[in-house]
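The values are calculated or read from the model by the stated rules, or taken from the named source; none is laboratory data. Predicted model only: the values in this text are computed from it and were never measured. When we count neighbours, we look across all protein chains shown, and the Cβ atoms used for this are built from the backbone with ideal geometry, even at glycine.
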Amino acid sequence: MRSMLKFFFVTIKSMLFQAISLFNKNFNIRFFAALGMILFPAVLSAQVEIFGLRTYANDDEYRPPIISQSEYITIEFDVTISQPPNVQVIFKHASKDWKVDENLFVNDPAKIRSFTLNYSVAPNGVYHYSYHYKNAFPNKKDFVQFIYSGNYVYSIVNLDEEDKVLATGKFIVAEAQITTSMTVENKYHPEYDSPLNQMNFISVSFTIPEENLGSNGAIDQSNVRTVDIIENWDFEHRHRIDVDDNSAETFVENFYKVNKTFWKRDIPSGNEYRKLDLSSISFYPNNKPVILKNNPDVSRYQWQGKPDANGASKLKPFTGANSDYLEVEMRLRLADHPQKKIFLVGGFSDWLVLPGFEMKQDDVTQLFKMSIWLRRGVYDYQYVLGDIGSDGKVINQDWITLEGNDWRTVNRYTALVYYHDRQFGGFDRVIGYVRGKSPGTSQSGKSSTSVYPPNSGNYFGPVFNEKK
């Protein structure tokens, strides 16, 4: 829930907008914003809160923020305050483990900070945000450049509070220095019982080209030691294959040669995500709490879900007054009380399992409930079991028990080939990548292979070669 200050401002803003509507539907909102600053300066200048933060590739809200060097990312968010805040975005290149590189050669101060951000005033009839920000990077206007491939973290900062960090996000920039192939195959894991034994075995293969060996800017093949596999939009729980990880579930073939294959055999199939559809204005009108018309959610351990959006959220079609936020009550009914806590995850949490998204059991109905403010749209989501550790983070996460595990689930995978470049003291680049999917059938041995780059600019590269 929002703070009392924000609740007070939202109430005042709602009254002002209603006054606008009664007096003149075309009246300039800026007049009332200025009036609010005069009447309530202490309240309105006290806080800048970023919410609804989203990051995606190009202008495609269905693509996770993994881009080539010729593409761009989009960052958008909302604020509730009387006038546009003095905010900027600072970008930092990071290691494969998301640790920021404290290196002025890699993170050139002249090329990592935006100076102006585009924004629009909230449409008439919107009560729960004042300004919407949407910007693309890199861009020529701010001279923002992503010179090197690799992992990037960004911070939205308030210049009026000495660069106070208001929100953070992540994205990945990838090169195509090598041709990379990925095969996803349905296989039973011998150490698990059904249905937990239905795994996606994934292999990633590539060859370092001769022209990249022994030349200026040459790739030292022995420094290609890590492949990460990103499932859908989940950057936090990447599936890693590393030469030094000593895991029985991973293997690197031909490490000392230019042609290598990285294997991982324990990636759960999972289930299709649940869908939260807030598109209906008749079912879910503005300015009213949302009680979902469907029955409360239940466990799907033995129940295959319907096709999903692979973790994406659809918000673009909802414009004007229909772009406002709704207070949504999520409900879950379970036959047995789980031993762990229950958490709600989705695009609205950046697919992070966060303590603030814990479902609480109602003493009267015995339902597990949580209220969340969401912009009108369509969201993928699911429930995760876990414990809260001593550091306040959610540990012992279980993504399967409440959702199930089935080969028929179609997951989108992105494989990233990391290279540790020895320049400037050392930093991690992504020199190859490929996007693919799981077979999505109940047959053991079924596989799907994708290769990048051949002669296609499509999101998932070439047509998949499926093993019958």
Among strands (runs of 3 or more DSSP E) entirely within the range 231-288, at least 3 residues that are over 30 Å from Glu327 (Cα atoms) occur in 234-242, 250-253, 259-268
Open item on the list: Being surrounded by 18 or more Cβ atoms within 10 Å (Cβ to Cβ), assigned by TED's automatic domain parsing to the domain that holds Ile202, within 22 Å of Lys96 (Cα to Cα) and charged (D, E, K, R): is that true of Asp244 here?
Closed with: no
Note on the range 219-230: residues aliphatic (A, V, I, L, M) and part of a loop (DSSP other than H, G, I, E, B) are Ile219, Val224
- Filter result for Tyr133 (surrounded by 14 or more Cβ atoms within 10 Å (Cβ to Cβ), out of contact with any strand residue (DSSP E or B) (no Cβ under 8 Å at 6 or more places or on another chain) and under 25 Å from Ile372 (Cα atoms)): no
Those strands (runs of 3 or more DSSP E) completely within the range 333-385 that have 1 or more residues that are polar (S, T, N, Q) and surrounded by fewer than 22 Cβ atoms within 10 Å (Cβ to Cβ) are 358-361, 368-375
(1) in the same structural domain as Arg265 (by TED's automatic domain parsing); (2) of a type in the set (Ser, Thr, Tyr); (3) more than 23 Å from Val430 (Cβ to Cβ) all hold for Ser203 apart from (3)
Within the range 81-100, of all residues that are of a type outside the set (A, V, I, L, M, F, W, C) and more than 22 Å from the chain's Cα centre (by Cα), the one surrounded by the fewest Cβ atoms within 10 Å (Cβ to Cβ) is Asn86
Given (1) surrounded by fewer than 20 Cβ atoms within 10 Å (Cβ to Cβ); (2) touching a Lys or Arg at 6+ places or on another chain (Cβ under 6 Å); (3) over 26 Å from Asn58 (Cβ atoms), Lys187 misses just (2)
Restricting the range 190-212 to residues that are aliphatic (A, V, I, L, M), out of contact with any Phe, Trp or Tyr (no Cβ under 6 Å at 6 or more places or on another chain) and closer than 25 Å to Pro268 by Cβ, the one surrounded by the fewest Cβ atoms within 10 Å (Cβ to Cβ) turns out to be Leu196
Within the range 340-364, of all residues that are free of Cβ contacts under 8 Å to residues at least 12 places away in the same chain and of a type outside the set (Lys, Arg), the one farthest from Phe171 (Cα to Cα) is Val364
When the range 311-357 is checked residue by residue, the ones that are among the hydrophobic types (A, V, I, L, M, F, W, C), more than 16 Å from Gln397 (Cα to Cα) and within 23 Å of the chain's Cα centre (by Cα) are Ala312, Leu315, Phe318, Leu326, Val328, Met330, Phe348
